[in-house]
1. With the full set of protein chains in place, find how many percent of the accessible area of the chain is carbon and sulfur; take the probe as 1.4 Å.
2. May I have the convex hull volume per residue, in Å³, for the Cα set of the range 36-150?
3. Write down the percent of antiparallel bridges among all DSSP beta bridges whose residues are both part of the chain, to the nearest 5.
4. Take every Cα-Cα pair in the range 175-291 and report what % of them are more than 17 Å apart.
5. Hey, with R₀ at 25 Å, roughly what FRET efficiency would Gln256 and Glu192 work out to, going by the Cβ-Cβ distance, to 0.05?
6. Among the listed pairs Lys162/Lys201; Lys86/Lys170; Lys54/Lys177, which have their C-alpha atoms separated by more than 21 angstrom in this model?
7. Over the Cα atoms of the chain, what radius of gyration and what Dmax do you get, in Å?
8. Before anything else, pin down the relative contact order of the chain: Cα pairs under 8 Å, at least 6 apart, normalised by residue count, whole percent.
Amino acid sequence: MPINAGHEFYEVEKNYLGAQDVDEKMHWLEEMIKKAPKHKSSEHFVAELKTRLKKLREKAEKSKKAGSGGKKGIRKEGYQFVLIGKTNSGKSLLLRKLTNAKPEVGEGMFTTKEVIVGTFEYEGVKAQIVDSPSIGSENFDKSLPFSADCLLVLVNLENGFKEYEELKEKIEKYPAKKIWVFNKADLLSSDELRKGIERIKSNKLMGAVVSAEDEMGLDVLKQLMFREMEVVRVYTKEPGKSDEFARAKEPMVLKQGACVRDVAEKILKGFSNKVKETRLTGPSGKFVNQKVGLEHKVKDLDVVEFHT
Ligand SMILES: Nc1nc2c(ncn2[C@@H]2O[C@H](COP(=O)(O)OP(=O)(O)OP(=O)(O)O)[C@@H](O)[C@H]2O)c(=O)[nH]1
Ligand SMILES: [Mg+2]
(Lines give C-alpha, C1' and ligand atoms only; values in the text may rest on other atoms or scores of the structure.)
(Ligands and ions follow the chains in the order given, each with its own letter.)
Protein backbone atom coordinates (compact mmCIF):
# COMPACT_ATOMS: atom_id res chain seq x y z
CA MET A 1 0.00 0.00 0.00
CA PRO A 2 1.87 3.12 -1.16
CA ILE A 3 0.54 5.50 1.45
CA ASN A 4 3.86 6.77 2.83
CA ALA A 5 2.99 5.96 6.39
CA GLY A 6 5.50 6.63 9.18
CA HIS A 7 7.34 4.00 11.12
CA GLU A 8 4.84 4.26 13.97
CA PHE A 9 2.05 3.17 11.69
CA TYR A 10 3.87 -0.01 10.69
CA GLU A 11 4.65 -0.81 14.33
CA VAL A 12 0.95 -0.57 15.12
CA GLU A 13 0.05 -2.61 12.04
CA LYS A 14 2.39 -5.35 13.24
CA ASN A 15 0.49 -5.49 16.52
CA TYR A 16 -2.78 -5.55 14.64
CA LEU A 17 -1.67 -8.50 12.54
CA GLY A 18 -0.52 -10.37 15.62
CA ALA A 19 -3.64 -9.62 17.66
CA GLN A 20 -5.18 -12.58 19.44
CA ASP A 21 -8.83 -11.62 19.56
CA VAL A 22 -11.44 -9.18 18.31
CA ASP A 23 -11.04 -6.66 21.14
CA GLU A 24 -7.32 -6.46 20.63
CA LYS A 25 -7.75 -6.24 16.85
CA MET A 26 -10.19 -3.34 17.27
CA HIS A 27 -7.78 -1.53 19.54
CA TRP A 28 -4.89 -1.69 17.10
CA LEU A 29 -7.10 -0.86 14.16
CA GLU A 30 -8.20 2.32 15.91
CA GLU A 31 -4.53 3.15 16.46
CA MET A 32 -3.79 2.50 12.77
CA ILE A 33 -6.52 4.93 11.77
CA LYS A 34 -5.07 7.54 14.11
CA LYS A 35 -1.54 7.05 12.82
CA ALA A 36 -2.36 6.78 9.10
CA PRO A 37 -1.19 9.73 6.99
CA LYS A 38 -3.88 12.31 6.40
CA HIS A 39 -3.49 13.20 2.74
CA LYS A 40 -5.54 12.84 -0.42
CA SER A 41 -3.92 9.65 -1.69
CA SER A 42 -4.42 7.77 1.58
CA GLU A 43 -8.10 8.67 1.94
CA HIS A 44 -9.27 5.50 0.28
CA PHE A 45 -6.99 3.38 2.44
CA VAL A 46 -8.20 5.03 5.66
CA ALA A 47 -11.82 4.54 4.56
CA GLU A 48 -11.06 0.86 4.09
CA LEU A 49 -9.60 0.63 7.62
CA LYS A 50 -12.72 2.28 8.98
CA THR A 51 -14.97 -0.23 7.22
CA ARG A 52 -12.88 -3.03 8.65
CA LEU A 53 -13.25 -1.54 12.14
CA LYS A 54 -17.01 -1.22 11.70
CA LYS A 55 -17.26 -4.89 10.74
CA LEU A 56 -15.19 -5.93 13.74
CA ARG A 57 -17.40 -3.85 16.03
CA GLU A 58 -20.49 -5.56 14.65
CA LYS A 59 -18.87 -8.92 15.15
CA ALA A 60 -17.92 -8.09 18.75
CA GLU A 61 -21.43 -6.81 19.42
CA LYS A 62 -22.98 -10.01 18.07
CA SER A 63 -20.77 -12.30 20.10
CA LYS A 64 -21.53 -10.28 23.24
CA LYS A 65 -25.26 -10.58 22.58
CA ALA A 66 -24.83 -14.30 22.06
CA GLY A 67 -23.38 -14.37 25.55
CA SER A 68 -20.00 -15.73 24.59
CA GLY A 69 -18.24 -12.76 26.13
CA GLY A 70 -20.07 -13.04 29.41
CA LYS A 71 -18.42 -9.85 30.59
CA LYS A 72 -20.53 -7.56 32.67
CA GLY A 73 -20.44 -4.18 31.02
CA ILE A 74 -18.08 -1.95 32.93
CA ARG A 75 -18.39 1.65 32.01
CA LYS A 76 -15.17 3.53 31.85
CA GLU A 77 -15.61 6.65 33.92
CA GLY A 78 -12.87 9.20 34.08
CA TYR A 79 -9.40 7.88 34.74
CA GLN A 80 -9.09 4.11 34.89
CA PHE A 81 -6.50 1.99 36.65
CA VAL A 82 -6.52 -1.75 35.94
CA LEU A 83 -4.95 -4.24 38.33
CA ILE A 84 -3.03 -6.94 36.54
CA GLY A 85 -0.86 -9.80 37.75
CA LYS A 86 -0.59 -13.48 38.49
CA THR A 87 -2.95 -15.29 40.81
CA ASN A 88 -2.45 -14.76 44.54
CA SER A 89 -0.40 -11.62 44.05
CA GLY A 90 -2.90 -9.68 46.14
CA LYS A 91 -4.86 -7.67 43.57
CA SER A 92 -8.20 -8.12 45.26
CA LEU A 93 -6.85 -7.33 48.71
CA LEU A 94 -5.25 -4.19 47.30
CA LEU A 95 -8.56 -3.17 45.69
CA ARG A 96 -10.20 -3.54 49.11
CA LYS A 97 -7.57 -1.30 50.68
CA LEU A 98 -7.62 1.38 48.00
CA THR A 99 -11.35 1.62 47.27
CA ASN A 100 -14.84 1.04 48.58
CA ALA A 101 -15.16 -2.26 46.70
CA LYS A 102 -15.33 -5.55 48.59
CA PRO A 103 -13.97 -8.24 46.28
CA GLU A 104 -13.40 -11.73 47.60
CA VAL A 105 -9.85 -12.38 48.77
CA GLY A 106 -8.64 -15.96 49.00
CA GLU A 107 -5.64 -18.13 49.65
CA GLY A 108 -6.59 -20.44 46.81
CA MET A 109 -5.78 -19.78 43.18
CA PHE A 110 -8.04 -17.79 40.83
CA THR A 111 -10.45 -16.54 43.47
CA THR A 112 -11.57 -13.64 41.31
CA LYS A 113 -13.89 -14.89 38.58
CA GLU A 114 -15.21 -11.67 37.12
CA VAL A 115 -14.49 -7.99 36.71
CA ILE A 116 -15.10 -5.77 39.73
CA VAL A 117 -14.80 -2.01 39.95
CA GLY A 118 -13.97 0.26 42.87
CA THR A 119 -13.72 4.01 43.27
CA PHE A 120 -10.38 5.43 44.30
CA GLU A 121 -10.40 8.82 45.95
CA TYR A 122 -7.27 10.74 46.75
CA GLU A 123 -6.70 14.41 47.43
CA GLY A 124 -10.09 15.31 46.01
CA VAL A 125 -9.55 13.36 42.79
CA LYS A 126 -11.53 10.26 41.87
CA ALA A 127 -10.55 7.37 39.61
CA GLN A 128 -11.74 3.90 38.79
CA ILE A 129 -9.75 0.84 39.83
CA VAL A 130 -10.68 -2.41 38.12
CA ASP A 131 -9.85 -5.88 39.41
CA SER A 132 -10.34 -8.92 37.21
CA PRO A 133 -9.37 -12.58 36.88
CA SER A 134 -5.60 -13.10 37.01
CA ILE A 135 -3.23 -13.73 34.13
CA GLY A 136 -3.42 -17.46 33.43
CA SER A 137 -7.09 -17.71 34.37
CA GLU A 138 -9.53 -18.93 31.72
CA ASN A 139 -11.56 -15.83 32.57
CA PHE A 140 -8.68 -13.42 32.05
CA ASP A 141 -10.08 -10.36 30.29
CA LYS A 142 -7.90 -9.77 27.25
CA SER A 143 -9.37 -6.44 26.28
CA LEU A 144 -9.48 -4.73 29.68
CA PRO A 145 -5.76 -3.87 29.92
CA PHE A 146 -6.04 -2.17 26.54
CA SER A 147 -8.70 0.20 27.75
CA ALA A 148 -6.77 1.17 30.89
CA ASP A 149 -5.14 4.54 31.35
CA CYS A 150 -2.69 3.01 33.77
CA LEU A 151 -1.91 -0.56 34.77
CA LEU A 152 -1.13 -1.44 38.36
CA VAL A 153 1.12 -4.44 37.85
CA LEU A 154 1.26 -6.62 40.94
CA VAL A 155 4.43 -8.57 41.61
CA ASN A 156 4.23 -11.10 44.42
CA LEU A 157 7.52 -10.67 46.27
CA GLU A 158 7.13 -14.20 47.66
CA ASN A 159 8.19 -15.37 44.20
CA GLY A 160 11.16 -13.03 44.04
CA PHE A 161 12.25 -10.73 41.26
CA LYS A 162 11.82 -13.29 38.50
CA GLU A 163 8.08 -12.65 38.55
CA TYR A 164 8.85 -9.09 37.53
CA GLU A 165 10.89 -10.25 34.51
CA GLU A 166 8.10 -12.58 33.49
CA LEU A 167 5.39 -9.93 33.77
CA LYS A 168 7.43 -7.31 32.00
CA GLU A 169 7.26 -9.30 28.76
CA LYS A 170 3.58 -10.08 29.17
CA ILE A 171 2.48 -6.49 29.59
CA GLU A 172 4.73 -4.86 27.00
CA LYS A 173 1.99 -4.83 24.39
CA TYR A 174 -0.36 -2.64 26.43
CA PRO A 175 -0.06 1.05 25.62
CA ALA A 176 -1.18 2.17 29.10
CA LYS A 177 1.17 3.65 31.66
CA LYS A 178 2.49 1.19 34.18
CA ILE A 179 3.02 1.37 37.92
CA TRP A 180 4.77 -1.61 39.46
CA VAL A 181 3.41 -2.76 42.80
CA PHE A 182 5.74 -5.11 44.63
CA ASN A 183 3.39 -6.69 47.14
CA LYS A 184 3.71 -8.86 50.24
CA ALA A 185 6.76 -6.99 51.50
CA ASP A 186 5.80 -8.15 55.01
CA LEU A 187 6.93 -11.66 54.10
CA LEU A 188 10.51 -10.59 53.36
CA SER A 189 13.36 -10.24 55.81
CA SER A 190 14.74 -6.74 56.10
CA ASP A 191 17.79 -7.89 54.16
CA GLU A 192 15.73 -9.28 51.28
CA LEU A 193 13.64 -6.14 51.30
CA ARG A 194 16.71 -3.90 51.05
CA LYS A 195 18.06 -5.92 48.09
CA GLY A 196 14.67 -5.76 46.38
CA ILE A 197 14.47 -2.01 46.74
CA GLU A 198 17.98 -1.68 45.30
CA ARG A 199 16.96 -3.68 42.23
CA ILE A 200 13.89 -1.56 41.71
CA LYS A 201 16.05 1.54 41.89
CA SER A 202 18.69 0.19 39.54
CA ASN A 203 16.01 -0.80 37.01
CA LYS A 204 14.60 2.75 37.25
CA LEU A 205 11.14 1.33 37.77
CA MET A 206 8.15 3.43 38.48
CA GLY A 207 6.73 1.58 41.42
CA ALA A 208 6.25 1.00 45.10
CA VAL A 209 7.05 -1.75 47.56
CA VAL A 210 3.93 -2.43 49.59
CA SER A 211 2.14 -4.84 51.84
CA ALA A 212 -1.57 -4.80 51.17
CA GLU A 213 -1.96 -6.93 54.29
CA ASP A 214 -0.15 -4.58 56.68
CA GLU A 215 -1.09 -1.45 54.71
CA MET A 216 2.56 -0.62 54.29
CA GLY A 217 3.71 1.59 51.41
CA LEU A 218 0.16 2.38 50.35
CA ASP A 219 0.65 6.11 50.77
CA VAL A 220 3.60 6.08 48.39
CA LEU A 221 1.55 4.06 45.93
CA LYS A 222 -1.38 6.47 46.14
CA GLN A 223 0.95 9.40 45.50
CA LEU A 224 2.37 7.66 42.42
CA MET A 225 -1.13 6.99 41.15
CA PHE A 226 -2.12 10.58 41.71
CA ARG A 227 0.98 11.78 39.87
CA GLU A 228 0.35 9.49 36.91
CA MET A 229 -3.16 10.84 36.50
CA GLU A 230 -1.60 14.15 35.51
CA VAL A 231 -4.42 16.30 36.76
CA VAL A 232 -4.68 19.72 38.31
CA ARG A 233 -7.18 20.71 40.96
CA VAL A 234 -8.58 24.18 40.64
CA TYR A 235 -10.85 25.93 43.11
CA THR A 236 -13.30 28.51 41.94
CA LYS A 237 -14.86 31.21 44.02
CA GLU A 238 -17.29 34.03 43.76
CA PRO A 239 -15.90 37.56 43.96
CA GLY A 240 -15.55 38.73 47.52
CA LYS A 241 -15.28 35.26 49.06
CA SER A 242 -12.01 34.20 50.68
CA ASP A 243 -9.56 31.63 49.28
CA GLU A 244 -10.11 29.50 52.38
CA PHE A 245 -13.80 29.45 51.57
CA ALA A 246 -13.02 28.29 48.02
CA ARG A 247 -10.63 25.58 49.20
CA ALA A 248 -13.23 24.15 51.56
CA LYS A 249 -15.26 23.07 48.53
CA GLU A 250 -14.57 20.19 46.12
CA PRO A 251 -11.97 21.22 43.55
CA MET A 252 -12.55 21.06 39.85
CA VAL A 253 -10.34 18.39 38.30
CA LEU A 254 -8.75 19.06 34.91
CA LYS A 255 -6.01 17.57 32.78
CA GLN A 256 -2.55 19.07 33.21
CA GLY A 257 -2.08 21.79 30.61
CA ALA A 258 -5.61 23.14 31.01
CA CYS A 259 -6.10 26.90 30.89
CA VAL A 260 -8.43 29.40 32.52
CA ARG A 261 -10.82 29.04 29.58
CA ASP A 262 -11.24 25.31 30.34
CA VAL A 263 -12.13 26.17 33.93
CA ALA A 264 -14.63 28.79 32.77
CA GLU A 265 -16.19 26.40 30.24
CA LYS A 266 -16.83 23.84 32.96
CA ILE A 267 -18.83 26.34 34.97
CA LEU A 268 -20.36 28.48 32.27
CA LYS A 269 -20.86 25.65 29.74
CA GLY A 270 -20.26 27.31 26.42
CA PHE A 271 -20.37 30.84 27.75
CA SER A 272 -16.75 31.44 28.70
CA ASN A 273 -16.87 34.48 26.40
CA LYS A 274 -19.07 36.09 29.07
CA VAL A 275 -16.06 36.36 31.37
CA LYS A 276 -14.96 39.97 31.62
CA GLU A 277 -12.15 39.52 34.07
CA THR A 278 -10.40 36.65 35.85
CA ARG A 279 -8.45 36.92 39.09
CA LEU A 280 -6.14 34.13 40.14
CA THR A 281 -4.25 33.25 43.30
CA GLY A 282 -2.02 30.22 43.57
CA PRO A 283 0.97 28.34 42.18
CA SER A 284 0.51 29.58 38.60
CA GLY A 285 0.16 33.21 39.63
CA LYS A 286 2.98 35.71 40.01
CA PHE A 287 1.20 37.40 42.89
CA VAL A 288 -2.05 37.27 44.82
CA ASN A 289 -5.22 38.19 42.94
CA GLN A 290 -3.41 38.46 39.62
CA LYS A 291 -5.46 39.44 36.60
CA VAL A 292 -5.06 36.68 33.99
CA GLY A 293 -6.32 35.99 30.48
CA LEU A 294 -8.37 33.00 29.33
CA GLU A 295 -5.28 31.34 27.85
CA HIS A 296 -3.38 31.42 31.15
CA LYS A 297 -2.36 27.86 32.12
CA VAL A 298 -3.59 26.81 35.54
CA LYS A 299 -1.56 24.82 38.05
CA ASP A 300 -2.57 22.42 40.80
CA LEU A 301 -4.33 24.23 43.70
CA ASP A 302 -4.95 27.53 41.95
CA VAL A 303 -7.96 29.57 43.07
CA VAL A 304 -9.82 31.31 40.27
CA GLU A 305 -12.43 34.05 40.44
CA PHE A 306 -14.52 35.01 37.42
CA HIS A 307 -16.23 38.34 36.90
CA THR A 308 -18.96 38.13 34.30
N1 LIG B 1 1.28 -11.73 53.80
C2 LIG B 1 0.59 -11.11 52.88
N3 LIG B 1 -0.43 -11.73 52.27
C4 LIG B 1 -1.11 -11.06 51.33
C5 LIG B 1 -0.79 -9.73 50.96
N6 LIG B 1 -1.63 -9.35 49.97
C7 LIG B 1 -2.46 -10.39 49.76
N8 LIG B 1 -2.17 -11.42 50.57
C9 LIG B 1 -2.82 -12.73 50.64
O10 LIG B 1 -2.61 -13.41 49.41
C11 LIG B 1 -3.76 -14.18 49.07
C12 LIG B 1 -4.25 -13.81 47.69
O13 LIG B 1 -4.75 -12.50 47.70
P14 LIG B 1 -5.83 -12.01 46.61
O15 LIG B 1 -5.98 -10.55 46.81
O16 LIG B 1 -7.04 -12.83 46.66
O17 LIG B 1 -5.02 -12.31 45.28
P18 LIG B 1 -5.41 -12.03 43.75
O19 LIG B 1 -4.24 -11.42 43.09
O20 LIG B 1 -6.68 -11.27 43.72
O21 LIG B 1 -5.59 -13.50 43.13
P22 LIG B 1 -6.81 -14.31 42.47
O23 LIG B 1 -7.05 -15.45 43.38
O24 LIG B 1 -6.30 -14.78 41.15
O25 LIG B 1 -8.00 -13.43 42.36
C26 LIG B 1 -4.79 -13.94 50.17
O27 LIG B 1 -4.68 -14.98 51.11
C28 LIG B 1 -4.34 -12.63 50.78
O29 LIG B 1 -4.73 -12.49 52.13
C30 LIG B 1 0.29 -9.10 51.63
O31 LIG B 1 0.66 -7.95 51.40
N32 LIG B 1 0.95 -9.84 52.57
MG1 LIG C 1 -8.54 -11.70 43.17
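The values are calculated or read from the model by the stated rules, or taken from the named source; none is laboratory data. Remember, predicted model here, so these are calculated numbers, not experimental data. Note that we place each Cβ from the backbone using ideal geometry, even for glycine, and neighbour counts take in every protein chain shown. Accessible surface areas use protein heavy atoms only, side chains included; no ligands, DNA or RNA. Shrake-Rupley method; radii C 1.70, N 1.55, O 1.52, S 1.80 Å.
1. Carbon and sulfur: 50 percent of the exposed surface of the chain.
2. Values: hull volume 15.7 nm³, N = 115.
It comes to 136 Å³ per residue, whole-number rounded.
3. Values: 22 of 45 bridges.
If we restrict to bridges inside the chain, about 50 percent are antiparallel.
4. Of all Cα-Cα pairs in the range 175-291, 69 percent lie more than 17 Å apart.
5. Working: r = 37 Å, r/R0 = 1.50.
The calculated FRET efficiency here is 0.10.
6. Details: Lys162/Lys201 16 Å; Lys86/Lys170 11 Å; Lys54/Lys177 27 Å.
Pairs exceeding the cut-off: Lys54/Lys177.
7. Rg and Dmax of the chain, Cα atoms, are 23.0, 64 Å.
8. On the way: 495 pairs, mean separation 34.9, N = 308.
So the answer I get is 11 percent.
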